[in-house]
Amino acid sequence: MISKSFVKGSFTCQQGDIAKIKLAKSFDVVLSLFHVINYQITDKQLNAVFFNAFKHLNSKGLFILDFWYTPAVNQKKPSIKIKRVSDNKIEIIRIAEPFIYENKNRIDVKYNIFVKNLKNGLIKKYSEVHKLKHFNLPEIKKLSRMNNFELLRAEEFLTGHKLCKSTWGGCVVLRKN
């Protein structure tokens, strides 16, 4: 993605681990989108992300993140999903199979991806497991307090609606204390 990005004004892209990257400057806003926080499944990882965001923020800077919202995850229960895409050269089938750990607020999603070459019929299989943690609002508040952030807003991602049992994607705006 970085190689496809472009420079416009002072905008730049840089690859790094959200919990460990050290930049020689600070910012008014740190964004953590695409459910990056959900991939931090241990307390140590979560606190490292919050600490690093804090270090890179100016005074009263904002930390904005989206996340899977536990009440919706528990109500909707992830299920096996199959996605197919193709063009005139290849067909890709992706099977996502969730393994739910309710007492840990965690879901491991096993992805099996089949890529079929439509010219010669050969199929390649790829597999990977994504370990994800989902969050309720008390957990987000606790993490925020422990890491010197104040919760300013909690809402449904992109719509701004109130969080509820049907809100899969939550978003919070935190301010550095």
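The values are calculated or read from the model by the stated rules, or taken from the named source; none is laboratory data. From a predicted model like this one, the values you see are computed outputs, not experimental measurements. Every residue, glycine as well, gets a Cβ built from its backbone with ideal geometry; the counts of neighbours run over all protein chains shown.
With the requirement that a residue be closer than 15 Å to PHE51 by Cα and not β-branched (Val, Ile, Thr), what does segment 26-40 give you?
SER26, PHE27, LEU31, SER32, GLN40
Each row is one residue, and each column tells you yes or no for (1) touching a Ser or Thr at 6+ places or on another chain (Cβ under 7 Å); (2) buried (at least 16 other Cβ atoms within 10 Å of the Cβ).
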position	(1), (2)
ASN52	no, yes
HIS56	yes, yes
LEU65	yes, yes
ASN103	no, no
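Look at LEU46 and say whether it is in the same structural domain as VAL172 (by TED's automatic domain parsing) and part of a helix (DSSP H, G or I). If you could, list the steps in order and put the result at the bottom.
Working: in the same structural domain as VAL172 (by TED's automatic domain parsing): yes; part of a helix (DSSP H, G or I): yes.
When the stated conditions are applied, LEU46 passes them.
Is it true that some residue in segment 149-170 is surrounded by fewer than 14 Cβ atoms within 10 Å (Cβ to Cβ), in contact (Cβ under 8 Å) with a residue 24 or more places away in the chain and not assigned by TED's automatic domain parsing to the domain that holds LYS44?
Checked against the condition, which is being surrounded by fewer than 14 Cβ atoms within 10 Å (Cβ to Cβ), in contact (Cβ under 8 Å) with a residue 24 or more places away in the chain and not assigned by TED's automatic domain parsing to the domain that holds LYS44, segment 149-170 yields no hits at all.
Yes or no: ARG145 over 19 Å from the mean Cα position of the chain (by Cα), charged (D, E, K, R), part of a helix (DSSP H, G or I) and within 30 Å of LYS44 (Cα to Cα)?
Numbers: over 19 Å from the mean Cα position of the chain (by Cα): yes; charged (D, E, K, R): yes; part of a helix (DSSP H, G or I): yes; within 30 Å of LYS44 (Cα to Cα): yes.
Yes, satisfied.
Name the residues in segment 96-116 that are in a strand (DSSP E or B) and not charged (D, E, K, R), would you?
The answer is ALA96, PRO98, PHE99, ILE100, TYR101, ILE107, VAL109, TYR111, ASN112, ILE113, PHE114, VAL115.
Determine which single condition GLN14 fails, assuming it passes every other condition in (1) touching a strand residue (DSSP E or B) at 6+ places or on another chain (Cβ under 6 Å); (2) modelled with pLDDT under 95; (3) of a type in the set (S, T, N, Q).
If we test GLN14 against (1) touching a strand residue (DSSP E or B) at 6+ places or on another chain (Cβ under 6 Å); (2) modelled with pLDDT under 95; (3) of a type in the set (S, T, N, Q), just (1) comes out false.
Residues in segment 115-147 that are under 21 Å from PRO78 (Cα atoms) and without any contact (Cβ under 8 Å) to a residue 24 or more places away in the chain: how many?
The qualifying residues number 3.
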